[in-house]
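The values are calculated or read from the model by the stated rules, or taken from the named source; none is laboratory data. Please read all numbers here as calculations on a predicted model, not as lab measurements. With ideal geometry, Cβ positions are generated from the backbone for all residues, glycine too; neighbour counts draw on all protein chains shown.
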Amino acid sequence: MPCNNNGDCSFNLFGIKAGSQWSGQTASVPTIEFEDGVAVRKPQRFRAYDSAAASFDDYAKLISGSGRYQAALGTQDNTAQFAQALQNGGYATDPQYANKIASVVREVKAMMQGERG
């Protein structure tokens, strides 16, 4: 989660960048971006929020309000399809974004199954 230069937490739980239209607070930090399939470390501005709840609210507005991510909305509870639709819409530059999200979901489900058994 990006932090401001003074160490304050941005509460940006989803790594949403602060584009030119963003007028709220920001946190500028170095990050890895993929350009033509090559990982490049570069500074980026990320949105900053006053709380985790505000981060969730903004994420929901971003996904539901942008035509780029409409395919993600129809995936119901299929997280692999949801992540792939986000990636296809340009949410992340990492070409393995959807695979990484699906892998984390599988691991969490396996851990939860282990706790129940």
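Summary table
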item	result
Among (1) surrounded by 10 or more Cβ atoms within 10 Å (Cβ to Cβ); (2) closer than 19 Å to G15 by Cβ; (3) at pLDDT below 95, the one test that D58 misses	(3)
Test: residue in the stretch 15-30 that is surrounded by fewer than 15 Cβ atoms within 10 Å (Cβ to Cβ), on the phi < 0 side of the Ramachandran plot, touching a residue at least 60 places away in the same chain (Cβ under 8 Å) and not assigned by TED's automatic domain parsing to the domain that holds D94	no
Identity of the residue in the stretch 31-55, closer than 16 Å to C3 by Cα and among the hydrophobic types (A, V, I, L, M, F, W, C), that ends up surrounded by the fewest Cβ atoms within 10 Å (Cβ to Cβ)	I32
I63 being among the β-branched types (V, I, T), within 24 Å of A102 (Cβ to Cβ) and surrounded by 13 or more Cβ atoms within 10 Å (Cβ to Cβ)	yes
Selection status of D77, acidic (D, E) and surrounded by 11 or more Cβ atoms within 10 Å (Cβ to Cβ)	no
Neighbours by Cβ (under 9 Å, 6+ apart or cross-chain): first from the stretch 57-81, outside any helix (DSSP H, G or I); second polar (S, T, N, Q) and surrounded by 13 or more Cβ atoms within 10 Å (Cβ to Cβ)	G74/Q81; T75/Q81; T75/Q84
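Matching residues to (1) in a helix (DSSP H, G or I); (2) polar (S, T, N, Q); (3) out of contact with any Pro (no Cβ under 6 Å at 6 or more places or on another chain); (4) surrounded by 17 or more Cβ atoms within 10 Å (Cβ to Cβ):
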{"residue": "A85", "(1), (2), (3), (4)": "yes, no, yes, yes"}
{"residue": "G90", "(1), (2), (3), (4)": "no, no, yes, no"}
{"residue": "D94", "(1), (2), (3), (4)": "no, no, yes, no"}
{"residue": "S103", "(1), (2), (3), (4)": "yes, yes, yes, no"}
{"residue": "E107", "(1), (2), (3), (4)": "yes, no, yes, no"}
